[in-house]
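Comments concern the structure below.
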Amino acid sequence: MQTANTLLEDIGAEIGFTATSALCGWYGGRKVYIPKTESAGHHIAKVIGLRQMAALVRAFGGTDIFVPKDWHSRRLRRDRVVRDLLRRGLSTQAIALKTNLTTAHVCNIRNSLEETGLLQRVFTKPSEDDS
C-alpha cells in the first residue's frame, strides 16, 4: 500500500535534504509564510540559500506552511538506541528507565523493530501451521 508523502517529504523533494534539514532546524515546529517571490535578503534565503528559496517559492509561494520538527531522524536515533540496548540484553524496564520512555513504548518500539527485521525476533507467536 502506497502512503501519501508528508509535508517534510514534499519540501525535501523541492529543495533537497540539506536545505530541508536547515529549514527544520531553524523553523521546526512553527508556521512560516512563504512569500510569492524570492529575495536574497529574506530570512529564509539566509537560512537555506537563494536557489533553494526560489524552489520553495515555486512550490509553496504565497502560503503558510507548518515546518515540522525533524522528529523522524530523532525517532530513528531513539529506535536505534533501544535496539542496541535490547541486543546488549537489557530488560524492557531497564531500557525504559535509561531512555526516559514508558515500558509500553519500549515494547512498541521492540515490536516495530522485529516486524521490520531490524531486530531478530526472539519469541514468535505460534502460527496456525504449528498446531
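How far, in nm, would the chain grow between residue 30 and residue 10 when pulled straight, counting 0.36 nm per residue and subtracting the alpha carbon separation? Could the numbers behind the result be given before it?
Numbers: separation 20, 0.36 × 20 = 7.20 nm, distance 1.68 nm.
Stretched fully, the residue 30-residue 10 segment lengthens by 5.5 nm.
Work the Kirkwood hydrodynamic radius out for the chain: mean of 1/r over every pair of different alpha-carbon atoms, inverted, in Å. Before the final figure, lay out each step's value.
Details: mean 1/r = 0.0568 Å⁻¹.
Its Kirkwood hydrodynamic radius stands at 17.6 Å.
Would you count, across the chain, every pair of lysines whose alpha carbons are under 21 angstrom apart, provided the pair is eight or more residues apart or spans two chains?
Lysine pairs, 8 or more places apart or on different chains, close enough: 4.
Using every pair of distinct Cα positions in the range 4-45, the Kirkwood expression returns a hydrodynamic radius of 11.2 angstrom.
Laboratory data are not the source of any read-out in this text; all were calculated from the coordinates shown. Keep in mind the model is a prediction, meaning the values are calculated, not measured.
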